[in-house]
């Protein structure tokens, strides 16, 4: 089966006992995850509220101050209106569907930092085993079963970052969920009107603050036929996702959880273990908020083989990946002084790593050769209490592929002594880090 066409379409009080109360909160946690994923299918910042409650206590799940967890959110095409599957709703469990939305969400559980990188569906990239194509074709090439795996592999290869989990969904349940919630309040910024009879798409919205039902909410998040194009659509989708989450977490919604649970679980799947779903959802409900950084991978429009595509701007793109996915702040790193000692037993390693760290903004004061007993792991020694500096170095080492790292804290730095000493481990002796 080949990729499906790319046209998305319109989918159509008694006080409880203690045990029942717990069951309801368990269900609410699950609903938080899947509704957010459904919202992502509309192209919005669906994991914002779901993930923004991460605190440093999550470090027990991901050991090491530099380790991040990356989740690929896949929103598939909603409808196939041409080709061999004409008139079939795009059930991603049965048919090869393209990804209409790709977002990589990166979480640092130690600092609570969250990065969200939107990946335009028309980016021209290498898809493993299938040559170059638009990145949205990877999910279709993988088919109903292996689509998420191939999408994850493609994004991982393209961005040069590990992708640990995916959340996959489509448009189909969006209308029903909004209707079950009783609609959502949105301030429509202007008259939105567009008709495409071939797709069965009819959008007609008046300006002003109003309660949108499922049908009108879907129209609002799909509209892109003005001067803003996709940028305007993304802004409107963010607006709807926030309204959806506010409504979802309201007290009155708890009574509707059994209905919600039955509807939304039909439209979402993920490879994230239930224990982590529960843990993250629990943190989301307790969230006090944290900073969220967002960006879109840049590209230059061009035509290849008669198709409109985006050629990746790899230089600017790498800077964004460093910032959004790895959490690396070039400017802040300038205040972190570091020395690098070669404990690998292989010449030149300290200079190599020092150069890379300088490229990420760190002030490398010196390099040298380690003395005494060598360690297989790389040791990061903080001279005094330099938590933020240690976090920054940890993120940088992970970015450089140095993952076997031990962290230690020593006495406060003497005059002219660097804040951090990095002693490279013997496991880096062979090959590039």
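A few remarks follow.
- A Förster distance of 25 Å, applied to the separation of the beta-carbon atoms of residue 300 and residue 132, puts the FRET efficiency at 0.95.
- Here the spin labels are modelled as points 7 Å beyond Cα on the Cα-Cβ line, and at residue 191 and residue 145 they lie 5.3 nm apart.
- DSSP finds beta bridges in the stretch 330-428, and of those with both partners inside it, around 20 percent are antiparallel.
- Alpha-carbon centroid distance for the pair the stretch 177-225 / the stretch 359-389, whole angstrom: 55
- Residue-span extension gain [residue 371 to residue 226] - 0.36 nm each, minus C-alpha spacing: 45.7 nm
- FRET efficiency, 1/(1 + (r/R0)^6) with R0 45 Å, evaluated for residue 351 and residue 206 via beta carbons: 0.10
- Sites residue 358 and residue 93 - FRET efficiency at Förster radius 56 Å, r taken between beta-carbons, to 0.05: 0.70
- Relative packing of peptides 157-163, 125-131, 114-120 - highest average C-beta neighbours within 10 Å first: 114-120, 157-163, 125-131
- Relative contact order, percent, the stretch 330-428 [alpha-carbon distance under 8 Å, six or more residues apart]: 41
- Simple label model, 7 Å out from Cα along Cβ direction - residue 319 to residue 157, nm: 2.8
- Calculated on C-alpha atoms, the gyration radius of the stretch 318-433 divided by its Kirkwood radius gives an Rg/Rh of 0.94.
Read-outs throughout are calculated quantities, based only on the coordinates presented, and are distinct from any laboratory measurement. The structure displayed is predicted, hence computed values, not measured ones. Every residue, glycine as well, gets a Cβ built from its backbone with ideal geometry; the counts of neighbours run over all protein chains shown.
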